[in-house]
Amino acid sequence: MPADISQLFEETYRELRPRSDVPELRVEFFGFANINNTIRLREGKLLVRVSDLLEGAPDYVLKAIAHILLAKMYRRPVDRAHALRYRRYVSAQHMSRKAHLVRQMRGRKRIETAQGRIYNLESVFDDLNVRFFHGLLARPQMTWSRDHARNSLGHYDPAHNTIVVSRVFDSPRVPLYAIEYLVYHEMLHLRHPVKLRGSRRLVHPAAFREEEKLFPHFKEAQEFLKRLGTLD
Ligand SMILES: [Zn+2]
């Protein structure tokens, strides 16, 4: 860890709150599964965790993170220049490659690939996103399952922000509308997080079910899936 990351946070704190004393700060790099940064205030101490994927990032990036986290903590507007610098850096190719490698090293069992023999899941997602969601959904990791599972045709894994689709769909015998429906269903999970009612988990709340019916080949797709297996 560079000796001066705490210093960057102190400086930034003074910029945002010039009239307050800088609280005790603990900044550490932390091995999140994804690029993630967190800040908490506990017993007057600021505890900051910066993704270890950003270890070695240039100072202007760390400075941007300090600004974003502290602004969030103290409900100040986030400076657009900082937000932009941070986003650009994180989305840069080398970062995503590094993140990908680290995920693999951390022993994720999944072999991730969106490109199948017939269908590319990323293209399916992008196309549906434009047609039904005004292009507003951020694409999660899209991957075919490793085997031809029929007990789970598709699911969204929020912990890894991944949509997994069973390989049984990657076949010329599967019509496009069927795989589109499957991905559409999982995209609705991105829009409708699981709700709790008492101790019951509402995985497919009423609003989800209504929106699902808007899919043009809803009935046919459901019939097709029934013959194959189940959908989470
Ligand atoms: Zn579902």
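Counting other Cβ atoms within 10 Å, which trypsin sites (Lys or Arg not before Pro) in segment 117-158 have at most 16 and lie in a DSSP loop?
On the way: sites: Arg117, Arg131, Arg146, Arg150; in loops: Arg117, Arg146, Arg150.
Of the trypsin sites (Lys or Arg not before Pro), the ones in loops of segment 117-158 whose Cβ has at most 16 other Cβ atoms within 10 Å are Arg117, Arg146, Arg150.
Would you mind checking the tilt of helix 93-105 against the longest principal axis of the Cα atoms of the chain, expressed as 0 to 90 degrees and rounded to 10?
That works out to roughly 70 degrees.
For segment 1-95, what is the accessible area per residue in Å², given a 1.4 Å probe and the full set of protein chains? Don't jump to the answer; show the numbers that get you there.
Values: 5690 Å² over 95 residues.
Each residue of segment 1-95 exposes 60 Å² on average to a 1.4 Å probe.
Against the globular-protein guess of 2.2 N^0.38 Å, express the Cα radius of gyration of segment 129-232 as a ratio, rounded to two decimals.
Values: Rg = 13.6 Å, N = 104, 2.2 N^0.38 = 12.8 Å.
Rounded to two decimals, the normalised Rg is 1.05.
For labels at Met73 and His148 in the simple 7 Å Cα→Cβ model, what's the distance in nm?
5.4
For an R0 of 30 angstrom, estimate the FRET efficiency from the Cβ-Cβ distance between Arg19 and Arg88 and round to the nearest 0.05.
Details: r = 32 Å, r/R0 = 1.07.
After rounding, the FRET efficiency stands at 0.40.
Hey, with R₀ at 22 Å, roughly what FRET efficiency would Glu223 and Ala159 work out to, going by the Cβ-Cβ distance, to 0.05? Present the calculation step by step, with values, prior to reporting the outcome.
Working: r = 32 Å, r/R0 = 1.44.
Between Glu223 and Ala159 the formula returns 0.10.
Listed highest first by mean packing, meaning other Cβ atoms within 10 Å per residue, what order do 66-73, 152-159, 133-140 come in?
On the way: 66-73: 20.4, 152-159: 16.6, 133-140: 12.4.
Packing proxy ranking, top to bottom: 66-73, 152-159, 133-140.
How large is the dipole of the chain about the Cα centre if only Lys and Arg carry +1 and Asp and Glu carry -1, each at its Cβ, rounded to the nearest 20 debye? Working shown, then result.
Values: 40 positive and 27 negative charges, 95 e Å.
So the magnitude is around 460 debye.
GNM on the chain, C-alpha springs below 10 Å: top fluctuator among Asp170, Asp126, Asp147?
Taking springs between Cα atoms under 10 Å, the residue moving most is Asp147.
Based on DSSP loop calls and a cut-off of at most 14 other Cβ atoms within 10 Å, the longest stretch of the chain free of exposed GluC sites (Glu not before Pro) is what? Can you show the working numbers first?
Details: sites that count: Glu24, Glu43, Glu55.
Between the exposed loop sites, the longest stretch runs 56-232.
With a 1.4 Å probe and all protein chains left in place, how much of the accessible area of the chain comes from carbon and sulfur atoms, in whole percent? Please list the in-between numbers first.
Details: 6860 of 13670 Å².
Carbon with sulfur: 50 percent of the solvent-accessible area.
Measuring from centroid to centroid over Cα atoms, what is the spacing of segment 13-47 and segment 175-232 in Å?
Using only Cα atoms to place each centre, the spacing works out to 40 Å.
What is the angle, in °, between the Cα long axis of helix 176-191 and the longest principal axis of the Cα atoms in the chain? Nearest 10 is fine, range 0 to 90.
30
How much length is gained on full extension from Ala206 to Leu137, taking 0.36 nm per residue of separation minus their Cα-Cα distance? Spell out each step's value before the answer.
Numbers: separation 69, 0.36 × 69 = 24.84 nm, distance 2.04 nm.
So the extension gain works out to 22.8 nm.
How much length is gained on full extension from Glu28 to Leu214, taking 0.36 nm per residue of separation minus their Cα-Cα distance?
62.3 nm
Relative to the longest principal axis of the chain, what angle (0 to 90°, nearest 10) does the C-alpha long axis of helix 5-16 take?
80
Please report Rg over Rh for the chain, where both radii come from the alpha carbon positions and Rh follows the Kirkwood definition.
Details: Rg = 21.6 Å, Rh = 20.4 Å.
That ratio is 1.06, to two decimals.
The values are calculated or read from the model by the stated rules, or taken from the named source; none is laboratory data. This structure is a prediction, so every number in the text was calculated from the model and none was measured. Note that each Cβ is placed from the backbone with ideal geometry, even for glycine, and that neighbours are counted across all protein chains shown. Only protein heavy atoms, including side chains, enter the accessible area calculation; ligands, DNA and RNA are left aside. Shrake-Rupley method; radii C 1.70, N 1.55, O 1.52, S 1.80 Å.
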